[in-house]
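Following: one structure in structure tokens, then a few remarks.
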Amino acid sequence: MSNIFSFSNLLQAYRHCRRHKRQKISAARFEICLERELLDLEKRLDSRAYRPKQYTCFAITDPKLREVWAADYSDRIVHHLLINYLEPIFAPKFIFHSYACRKNKGAHLAINHLRKIIAAQKPKFYLQIDIQSFFTSLDKNILFSLVKKHIAHPDILWLAKLIIFSLPQDNCRISGDKKLIKSVPVHKSLFYSPPDKGLPIGNLTSQFFANLYLNELDQYCKHILRIKHYFRYMDDIVVLHADDHQLFEWQKEIACFLVDRLKLKLHPQKIKLKKIASGLDFLGYIIKPSHILIRRRTVKKLKNKLWRFNRKIIAIYGHGNIGRAGDLIFHDPFLLMNDKTGLGAELKKIFSSLNSTFGALKHADCYWLRRSLYQKHFGFLRLYLKPANRHYHYFIWNEPDAKLGQRGQT
């Protein structure tokens, strides 16, 4: 039997782990003594002395209030090692229309496939359901039994069990706003979950195990209920059909399966059975038979962010007078980049945030909205950011004219 915990496997897991995270302090610290750190991990895994280190727990509010758990960097490498082994075994068993946290899938592909089926098949109704407190309610014993069903390697079973049954809430430090952590609802907090329930949001392994867990529901819906148009993104599920009575029956059977087999419940406030013509709100988009729109709250949030940034510039440079601020910035664009107010750093941050939001907007039928946002709401940002193409799909850095800046300094 091959050595799963070999140095070469750990090195490969490390390379997967560092993607897009090489600039992080934790990654840099690990890389300084890379060989020593990986040899130490190999030794602890081989002897089964390995135990997860302390987690960092913090709360986020976007898109909604929830706990996030950040594992130690060395533990993240172990997570990648485990998933590198499990994924090739389980991924072929997953249904095609499961889109979350899978290679060559994702939210935008889910939206595109859903749109195509609605346009081609013209189903009249949709059922949308959500699982109540999914990550904190997931049963660890059921999950581990699903792993054991297809895995025989003793080292992998030992490591999977160790990670599944670990209790991050017993060994963590709180980061950020502690009041925000305390405001997370009890049913959504791992701190209040029984020891045999719940997985930490933020782990790569949690994402994979969530898909493995709900694959039981996917198989039931596709092969027992024989639902043709079934889509799942994590615990957000959409079913299409011409008959609303059939959808209602399926909803009841799905609810029973979740309770009996997976010890989960549907969220009673998030069950929708409606006509598709009214619009299907899924993964941030409103899908209609002829087009896709973006959620209004997404647009409102973006406008508020742009407004706040421009108001800061006016307050700092114009003392509340937009004309005075405009004169200063337009005559010396470098002023914003070189001052000590922190606006230069905030400008770079908002540049990244805008490209992320407009990257989502380009998947909706909203050219005129994208254009209007740039022309009417960017304000001073138009000095620094310009559209990368005529469709306003994203923006590139527009370096201020050096001569203009020099004229402003004289």
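Data overview
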quantity	calculated
Cβ pairs under 8 Å, 6+ apart, first in the range 31-55 and among the acidic types (Asp, Glu), second assigned to a loop (DSSP other than H, G, I, E, B)	31/22; 42/5; 42/6; 46/3; 46/5
Hits in the range 92-135 - residues which are closer than 22 Å to residue 359 by Cα and open to solvent by 40 Å² or more (accessible area, probe 1.4 Å)	101, 102, 103, 104, 105, 108, 109, 112, 115, 116
Where a residue in the range 174-189 is more than 12 Å from residue 57 (Cβ to Cβ) and its partner, wherever it lies, is modelled with pLDDT of 90 or more and open to solvent by 90 Å² or more (accessible area, probe 1.4 Å), with Cβ under 8 Å and at least six apart	186/192
Where residue 251 falls short, out of the listed (1) in a helix (DSSP H, G or I); (2) within 30 Å of residue 346 (Cα to Cα); (3) touching a residue at least 24 places away in the same chain (Cβ under 8 Å)	(2)
Qualifying residue in the range 26-48 (condition: modelled with pLDDT of 95 or more and among the hydroxyl-bearing types (Ser, Thr, Tyr))	yes
Count - residues of the range 89-121 that are under 13 Å from residue 287 (Cβ atoms) and either out of contact with any Phe, Trp or Tyr (no Cβ under 7 Å at 6 or more places or on another chain) or hydroxyl-bearing (Ser, Thr, Tyr) (or both)	8
Residue ID - least open to solvent (accessible area, probe 1.4 Å), chosen from residues in the range 343-383 that are among the basic types (Lys, Arg) and farther than 21 Å from residue 282 by Cα	371
Hits in the range 136-150 - residues which are out of contact with any Lys or Arg (no Cβ under 8 Å at 6 or more places or on another chain) and open to solvent by 30 Å² or more (accessible area, probe 1.4 Å)	141, 145, 148, 149
Listing of helices (runs of 4 or more DSSP H) fully contained in the range 97-166 that carry 1 or more residues being touching a strand residue (DSSP E or B) at 6+ places or on another chain (Cβ under 9 Å)	107-121, 134-137, 140-150
Complete set of residues in the range 296-323 that are assigned to a loop (DSSP other than H, G, I, E, B) and crowded, with 16+ Cβ neighbours inside 10 Å	318
Residues being out of contact with any Pro (no Cβ under 7 Å at 6 or more places or on another chain) and not in a helix (DSSP H, G or I) - total across the range 188-215	11
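So that you can scan it fast, the table gives a plain yes or no per residue for (1) within 29 Å of residue 137 (Cβ to Cβ); (2) in the same structural domain as residue 140 (by the TED database):
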| residue | (1), (2) |
| --- | --- |
| 235 | yes, yes |
| 262 | yes, yes |
| 265 | yes, yes |
| 269 | yes, yes |
| 273 | yes, yes |
| 279 | no, yes |
| 299 | no, no |
| 305 | no, no |
| 308 | no, no |
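Residues are listed down the side, and each one gets a yes or a no for (1) under 27 Å from residue 115 (Cβ atoms); (2) in contact with a Ser or Thr (Cβ under 8 Å, 6 or more places away or on another chain); (3) at pLDDT 95 or above; (4) among the aromatic types (Phe, Trp, Tyr):
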{"position": "239", "(1), (2), (3), (4)": "yes, no, yes, no"}
{"position": "257", "(1), (2), (3), (4)": "no, no, yes, yes"}
{"position": "264", "(1), (2), (3), (4)": "no, yes, yes, no"}
{"position": "273", "(1), (2), (3), (4)": "yes, no, yes, no"}
{"position": "305", "(1), (2), (3), (4)": "no, yes, no, no"}
{"position": "318", "(1), (2), (3), (4)": "no, no, no, no"}
{"position": "340", "(1), (2), (3), (4)": "no, no, no, no"}
{"position": "345", "(1), (2), (3), (4)": "no, no, no, no"}
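The values are calculated or read from the model by the stated rules, or taken from the named source; none is laboratory data. Since the model is a prediction, treat every value here as computed from it, not as a measurement. In this analysis, Cβ positions are derived from the backbone assuming ideal geometry, glycine residues included, and neighbour counts consider all displayed protein chains. Ligands, DNA and RNA are stripped out before the accessible areas are found, and what is left, the full protein with its side chains, is counted by its heavy atoms. Shrake-Rupley method; radii C 1.70, N 1.55, O 1.52, S 1.80 Å.
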